[in-house]
Every structure is written in C-alpha cells, then in structure tokens.
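See below for the structure under consideration.
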Amino acid sequence: MAAAGRPARLGAILAGGASRRFGSDKALALHEGKPLIAHVADALLGQCDALVLCGRDWGGHVQVADRPAAGLGPMGGLCGALAHAAAHGFADVLVAPCDLLGVETAAGLLAPGPAVAEGQWLLGLWPAALAPRLEALLRREGAVSARRWIAEAGARARPVHGLRNINAPTDLP
C-alpha cells in the first residue's frame, strides 16, 4: 500500500554481480552482524511499498529476471524491475545496489524521478513508464553503462550524502 499522498513505489536491489573484486559474495558480507543486502533491503522497505531482487534469490523476496535478456549487467536488472513495476501498478522504482549503505532517505532526496545520486549512478528513482524505453535501448545496443542510460532518460544527478559503497572487505569495519 502506498504512503499517503504518493503513488505506489517499488524498491529494487541490484544483486546479480559476481563480486570478483571483493573475493566472495559481497551481498552476504556482514556489516554490524547482518548481510549488506539486508541493510539495503531494510532501507528500501522503509521508503517503498514492496521489494524485488534483481539477479538473485534471497530472503523470500520476489526475484525479477533481467530484461530483455540475461547478461546485460545492472541495466538489465533495472529494466526487469521497471517492467515488473509497470505490470503491477507501481508508479516508480527506487533502485540501489546491494553494496551501498546509507540509502535510508534516498527517495525523498531523489524525487521526482528520473534522478540518480551524484557519484553513485546505480542509486536512482525511475518512473515505471520508462520500462519500454530502457528495454528498447538494451535490445538495440546490448549492455550499456548506467551513465549511458542516465543520459538517454534525461535523469538528473542529485546530492545524496552519507552513502558508503563497499567495494572490498577492507571497506567494512
């Protein structure tokens, strides 16, 4: 159920990466006694009406497949989340990678979308209506960078302070 005064919002966690640089499954790395993915899930659920996972099965949450095909990186995951949102009546999608801490207030700082966090291009608020446009781009060009999609969609970069991207085990206390 949507919060008073706003349409329904879907949260989506990008969690399909191989964690090669990290050396183990980054999403399951512990921070303050719980997996990174759990921190992101809790933060998104505090701002969204439902949650999906892109790229993995975890915690009993709905898993969405990359669109239009597997192997398209984070934008394939985002496309799957946008298509799911559009098909299920959500107005927009707040998306975050599984290794980004500090996203508890992102929706309010990014609204209205399309918008992304400055310097953290995978944290974004995207209207579900953009699903066909992203799918068309991916069909035409294959895997594209987040910056390519941001430019295509005309998303604005906004400051979101307090974000902490975990790229290596040494980034965890």
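None of the figures in this text is laboratory data; all of them are computed from the coordinates on show. Here the structure is a predicted model, which means the values were calculated and not measured. With ideal geometry, Cβ positions are generated from the backbone for all residues, glycine too; neighbour counts draw on all protein chains shown.
Some observations on this one:
- Cβ-based net charge around residue 148, under 12 Å, with every Lys or Arg adding one and every Asp or Glu removing one: 0
- Ordered by the count of other Cβ atoms within 10 Å of each Cβ, fewest first, 13, 150, 166, 37 give 150, 166, 37, 13.
- Positive contributions from Lys and Arg (+1) and negative ones from Asp and Glu (-1), summed over other residues with Cβ under 13 Å from the Cβ of residue 30, come out at -2.
- Listed values [x] 0.93; [y] 0.96; [z] 1.06, entry calculated as Rg/Rh (Cα atoms, Kirkwood Rh): [x]
- Sequentially through region 112-129, phi angles give Karplus couplings (6.51, -1.76, 1.60; θ = phi - 60°) of x, x, x, 8, 10, 7, 4, x, 10, 5, 8, 8, x, 10, 10, x, 4, 4 Hz, Gly and Pro residues having no value and appearing as x.
- Among 121, 126, a tally of other beta-carbon atoms within 10 Å of each Cβ gives an order, fewest to most, of 121, 126.
- Environment charge of residue 45, counting only residues whose C-beta is closer than 13 Å and scoring Lys/Arg +1, Asp/Glu -1: -2
- Mean residue ellipticity (222 nm) of the chain, computed from DSSP H runs ≥ 4 via -39,500 (n - 2.57), nearest 500: -8500 deg cm²/dmol
- The residues 32, 141, when put in order of fewest to most other Cβ atoms within 10 Å, stand as 32, 141.
- Kyte-Doolittle at least 0.0, axis length at least 20 Å by Cα - qualifying DSSP helices, the chain: 73-87
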